[in-house]
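I have placed the structure first, in the form of structure tokens, so that the comments after it can refer back to it.
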Amino acid sequence: MTQYVPELRSFPTAYLDRPKRAPQSVQQECGVIIGEDYPAPIVDFEARREAALDRWAALSDRAREALSDPAVARRASLSRSRDRQGSRTDDGVRPRPDEQAGLDDFA
């Protein structure tokens with residue numbers, strides 16, 4: 001990676017994937033201060049991850065409840081197979097592509 005980002009050549013390998021995580025002492029030792037000598041990240045990955053997990057958790061109860069309805073379960077199946085053993089939607093009916101539900105259907 002340092003071949004393509006020579007500014008980080010002196011950085012320890014452990015911090016190359018996310019230089020912002022390097023302690024200030026490591027940054028000073030390497031002579032590269034993130035946000036001054038090398039750009040700070042544009043996206044806060046941890047905050048975005050937490051927001052996505054919170055949204056997923058908020059939808060999961062509603063989605064589970066909706067999936068208890070066989071008609072919704074049939075539309076929401078990511079598998080086009082309706083003859084799986086143990087499937088609650090084993091009615092032999094193959095859905096049309098426009099019948100497939102997405103996460104937004106549960107929001």
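Annotations
- Within the stretch 8-28, tally of residues that are touching a Pro at 6+ places or on another chain (Cβ under 9 Å), touching a residue at least 12 places away in the same chain (Cβ under 8 Å) and not β-branched (Val, Ile, Thr): 6
- Flag set for LEU53, criterion: under 27 Å from the mean Cα position of the chain (by Cα), exposed (fewer than 11 other Cβ atoms within 10 Å of the Cβ) and not aromatic (Phe, Trp, Tyr).
- Leading residue by the ranking (modelled with the lowest pLDDT) among those in the stretch 1-15 that are exposed (fewer than 14 other Cβ atoms within 10 Å of the Cβ) and not in a helix (DSSP H, G or I): MET1
- ARG48 being surrounded by 11 or more Cβ atoms within 10 Å (Cβ to Cβ) and either assigned to a helix (DSSP H, G or I) or under 27 Å from the mean Cα position of the chain (by Cα) (or both): no
- The requirement of being in a loop (DSSP other than H, G, I, E, B), within 23 Å of the chain's Cα centre (by Cα), outside the structural domain of PRO19 (by TED's automatic domain parsing) and at pLDDT below 85 is fulfilled nowhere in the stretch 80-98; no residue meets it.
- Look at the stretch 53-73: where a residue is among the β-branched types (Val, Ile, Thr) and a partner is modelled with pLDDT under 90 and in a helix (DSSP H, G or I), sitting 6+ places away or on another chain with Cβ atoms under 8 Å, you get VAL72/ALA66.
- GLU65 vs. criteria more than 15 Å from the chain's Cα centre (by Cα) and loosely packed, with under 10 Cβ neighbours inside 10 Å: no
- Every residue from the stretch 16-25 that is part of a helix (DSSP H, G or I) and surrounded by fewer than 17 Cβ atoms within 10 Å (Cβ to Cβ): LYS20, ARG21, GLN24, SER25
The values are calculated or read from the model by the stated rules, or taken from the named source; none is laboratory data. Only a predicted model underlies this, so the values are computations on that prediction, with no experimental measurement involved. All Cβ positions, glycine included, derive from the backbone under ideal geometry; neighbour counts span all protein chains shown.
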